[in-house]
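A short write-up of the structure that comes next.
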Amino acid sequence: MILDARDVRKSYGSLEVLKGVSLSLSSGEICGLIGPNGAGKSTLFRILLGLVSRDAGTLEIHSGASKPLGGIIEKPALYGYLSAFENLLVFSRIQGLKQSGTDIESQLLQVGLSPNRKDPVRNFSMGMKQRLGLAIALLNEPECVILDEPFSGLDPMGIRTLQDEIRGLAKARGIGILISSHNLVELGDLCDRLYVINQGEIVREGPAREILQQAARSYIIYGTGLESSAVLAAAHVEHRTGSVLLHLGEDSIHAILRRLSTEPGVILTACVPQTNLAALFEKTPE
Amino acid sequence: MRNLIRTELFKIFRQRKTYYAIAAVFVLEAFIMVSAYFQGREFLDVFLENLRESFEFQGNLLNGNLIIYLVLNSFWFHIPLILMIVVSGFLTTEYKDRTVEAVLLQPVSKRNYIISKYIAALVFTAFILGILIISTFLLSYLFFGQGDLVVFLEGLSFYSATEAFNRLMIAFLVGSLTMFFYAVVSITLAVLFQEATVTWIVAALFLIGTTLLLRLEFDSEWVNSLFFPKLTDSWQYVFFSEIPYRTILNKSLVLIGYTGLIAWIGIRVFQKRDIT
């Protein structure tokens, strides 16, 4: 385990932002943190990264690296008047890294940025800024990277590219990654484990797919012949073009899919769970 | 620490506003020279009309030394104002762009980071003053020539061209301490207020307040010698007929003490405060 936070508490005046949050992360693991706005995600990340002091609790970082944690909080903060190369140079110098021009260029290439762009980064798209932010977070080879809302402002292509980069960091370089996002699909695809935080408390934790499955109350089923399906006619569904939205009743999704797969004239192509946010953010009964 | 200071200076000189500040200093200088040229002669003629009958002055009194003295008087308000706006921006911009956070996400201590800001602010101030001093002397002598200096401080004083040059140089050096004081105050105000506009307003208020309080006289000499607004005018003493070196030294040392204290307050607050 590289990161272990226990019973972390933080208040701003009378407002208790974190109420005893515990969280851990291992090398090569991708952990997600999900929660509604104001749940305490950014505050928790700021505490883990040492930007904000905690009122109580313990934080252990098991690393011998000179920079154990790297991170981006919300949008990447860059020097807009400097080029990507100069940004990397500045962030390298301040931590005493002696990097040649070639080193910096290869770091830019690693995150998919062209070393030939010499213009200020204020001209960059959000996706490019996110990638440069990631390159800065990875300077000095941290063993753990914390990314707060890294997909916000990115187009679908940008999201996919960044997801691939994050997977590569975890699997190929064994970096532990803690990531937050509002988007359940993004986190479900990417994360090994998921923490759900609401009102300053971790309300659920476990394997990502399991957590999202538990909170799924409806499913979008794609296929042909769905309009005339007797199985779906008996269920609570809303028909859409080429798909139906199925609200679960007493039957499990597995039972319905099994019956549908044997129904003549019906060909299923996909079934996408629709997580119920209220159910997801609800505290798990003790 | 050396890396941090180098990086701070690199950032300062890659920002457009640094060059606006340098341009502002030149524009200010040009204004003073032009207005001195058009108004100074008439003023001096009226002012010295009677004295000319009794004394003989070497050369034209509207000369380079008088212009330099007038530029030096911008140390009261104009130069500190430009400095405070630009220097406080070194930190407020980083708060606004959240690069303070990005820097502190690297293995950099808060203490070293903020100290490097203060040192970079002092180096930048020295750079601006260097430009101001060199250009003022060069341009003033080039366009207005040398000559005796007449100043009015508790009465008229006249200095020969050579003595005027020496006194003006000393005055610039002593006045630089006041500019360093204002630069340090700017960074501390930026630490306290973080937001650029608020910091500028407070910095301007501080400057105006200091200038107004300068005239305040306390009964106690001890209070007068420690009250910081009264420490910012040491360079004016250089134009007394007998330069009170001891007074200038004492005032300068106390002002250096205040500068250190204000920097220490800024460093402590920055270290204690969360980066949110």
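The values are calculated or read from the model by the stated rules, or taken from the named source; none is laboratory data. Just so we're clear, the structure is a prediction, and the values are computed from it rather than from any experiment. All Cβ positions, glycine included, derive from the backbone under ideal geometry; neighbour counts span all protein chains shown. The accessibility values were calculated without ligands, DNA or RNA, using every heavy atom of the protein model including side chains. Shrake-Rupley method; radii C 1.70, N 1.55, O 1.52, S 1.80 Å.
Accessible surface for A:Met157 stands near 140 Å², nearest 10, in the context of the full protein assembly shown (1.4 Å probe). Per residue, the solvent-accessible area of chain B (1.4 Å probe, heavy atoms of protein chains only, all protein chains present) comes to 48 Å². Distance from the alpha carbon centroid of the stretch A:210-286 to that of the stretch A:106-134 works out to 42 angstrom. Extension gain, B:Ser160 to B:Ala30: 0.36 nm times the residue separation minus the Cα-Cα distance gives 44.3 nm.
Among the protein heavy atoms, those of B:Phe26 account for about 80 Å² of accessible surface (1.4 Å probe, every chain in place). Expressed as a whole percent, the accessible area of the stretch A:1-104 that falls on carbon and sulfur atoms is 47 (1.4 Å probe). Label the stretch A:161-231 by shape, choosing from rounded, prolate and oblate, from the square roots a ≥ b ≥ c of the eigenvalues of the Cα gyration tensor; if a/c is under 1.5 it is rounded, and otherwise prolate applies when a/b is larger than b/c, oblate when it is not. Here the stretch A:161-231 falls in the oblate category. Summing charges over all other residues whose Cβ lies under 12 Å from the Cβ of B:Ile187, with Lys and Arg as +1 and Asp and Glu as -1, gives -1. Each Cα pair under 8 Å and six or more residues apart adds its separation to the average, and for the stretch B:127-259 the resulting relative contact order is 27 percent. Short-range pairs are left out: with C-alpha atoms under 8 Å and at least six residues apart, the relative contact order of the stretch A:96-215 is 17 percent. Rounded to the nearest 20, the size of the Cβ-charge dipole of the stretch B:141-276 about its Cα centre is 460 debye, with Lys and Arg at +1 and Asp and Glu at -1.
Counting Lys and Arg as +1 and Asp and Glu as -1, what is the net charge of the other residues whose Cβ lies under 15 Å from the Cβ of A:Gly96?
Details: positive: A:Lys67, A:Arg93, A:Lys98, B:Arg2, B:Arg6; negative: A:Asp103, A:Glu141, B:Glu8.
Here the charged neighbours net out to +2.
Given A:Gly200, A:Leu113, A:Leu89, which one lies farthest toward the positive end of the charge dipole of chain A, if we put +1 on the Cβ of every Lys and Arg and -1 on the Cβ of every Asp and Glu? Projecting each Cα onto the dipole axis, the largest value belongs to A:Leu89. Estimated from helices alone, the mean residue ellipticity of chain B at 222 nm is -24500 deg cm²/dmol (sum of -39500 (n - 2.57) over DSSP H runs with n ≥ 4, per residue).
Based on Cα contacts under 8 Å between residues 6+ apart, the stretch A:215-281 shows a relative contact order of 51 percent.
Largest mean-square fluctuation among B:Val108, B:Val202, B:Val238, in a Gaussian network model of chain B whose springs join Cα atoms under 10 Å apart, belongs to B:Val108. Per-residue SASA remark: B:Glu242, around 150 Å² accessible (1.4 Å probe; ligands, DNA and RNA not included). If you take the accessible area of B alone, add that of A alone, and subtract the area of the pair, what total do you get in Å², probe 1.4 Å, to the nearest 100? Looking at B and A, the buried total is near 2500 Å².
Computing the accessible area with a 1.4 Å probe over protein heavy atoms, can you report the carbon and sulfur percentage for the stretch A:215-281? Show your work: numbers first, answer last.
Numbers: 2110 of 3760 Å².
Ligands and nucleic acids excluded, carbon and sulfur reach 56 percent.
In a GNM of chain B with a 10 Å cut-off on Cα contacts, which of B:Ala120, B:Ala203, B:Ala30 has the highest mean-square fluctuation? In this elastic network of chain B, the residue with the biggest mean-square fluctuation among B:Ala120, B:Ala203, B:Ala30 is B:Ala30.
Would you mind counting up the charge near A:Tyr195? Only other residues with Cβ under 9 Å from its Cβ, with Lys and Arg at +1 and Asp and Glu at -1.
Taking every other residue near A:Tyr195 into account, the sum is +1.
Of the cross-linked pairs A:Lys10/A:Lys171; A:Lys171/B:Lys110; A:Lys19/B:Lys117; B:Lys96/B:Lys272; B:Lys96/B:Lys230, which ones have a Cα-Cα span greater than 28 Å in the structure shown?
Working: A:Lys10/A:Lys171 33 Å; A:Lys171/B:Lys110 33 Å; A:Lys19/B:Lys117 36 Å; B:Lys96/B:Lys272 19 Å; B:Lys96/B:Lys230 34 Å.
Violating the 28 Å Cα-Cα cut-off are A:Lys10/A:Lys171; A:Lys171/B:Lys110; A:Lys19/B:Lys117; B:Lys96/B:Lys230.
Residues of the stretch B:3-25 buried by at least 10 Å² of accessible area upon assembly of all protein chains, compared with the chain on its own (1.4 Å probe): B:Asn3, B:Leu4, B:Arg6, B:Thr7, B:Phe10, B:Lys11, B:Arg14, B:Gln15, B:Arg16. Of the residues in the stretch A:27-71, those shielded by at least 50 Å² of accessible area once partner protein chains are present, compared with the chain alone at a 1.4 Å probe, are A:Arg46, A:Leu51. In chain B, carbon and sulfur make up what percent of the accessible area (probe 1.4 Å)? Carbon-and-sulfur percentage of accessible area, whole number: 66.
In this structure, the amide hydrogen of A:Gln274, modeled 1.01 Å from its nitrogen in the peptide plane, lies closer than 5 angstrom to those of A:Arg217, A:Ser218, A:Tyr219, A:Ile220, counting only residues at least 5 positions away or on a different chain. Dipole check for chain A: with +1 at the C-beta of Lys and Arg, -1 at the C-beta of Asp and Glu, and the Cα centre as origin, the magnitude is about 600 Debye.
Accessible-area loss of 50 Å² or more (1.4 Å probe, protein heavy atoms, chain alone versus all protein chains) is found in the stretch B:102-135 for B:Leu105, B:Gln106, B:Pro107. Among B:Trp222, B:Trp76, the sequence by solvent-accessible area, most first, with a 1.4 Å probe is B:Trp222, B:Trp76. Just report the Cα centroid separation between the stretch A:137-198 and the stretch A:52-70, whole Å. Their Cα centres are 19 Å away from one another.
Provide the per residue accessible area, probe 1.4 Å, for chain A, rounded to a whole number of square angstrom. Numbers along the way, then the final one.
Details: 12850 Å² over 286 residues.
That works out to 45 Å² per residue.
Per residue of chain A, the DSSP helices (runs of n ≥ 4 H) give a summed -39500 (n - 2.57) that works out to -9000 deg cm²/dmol at 222 nm.
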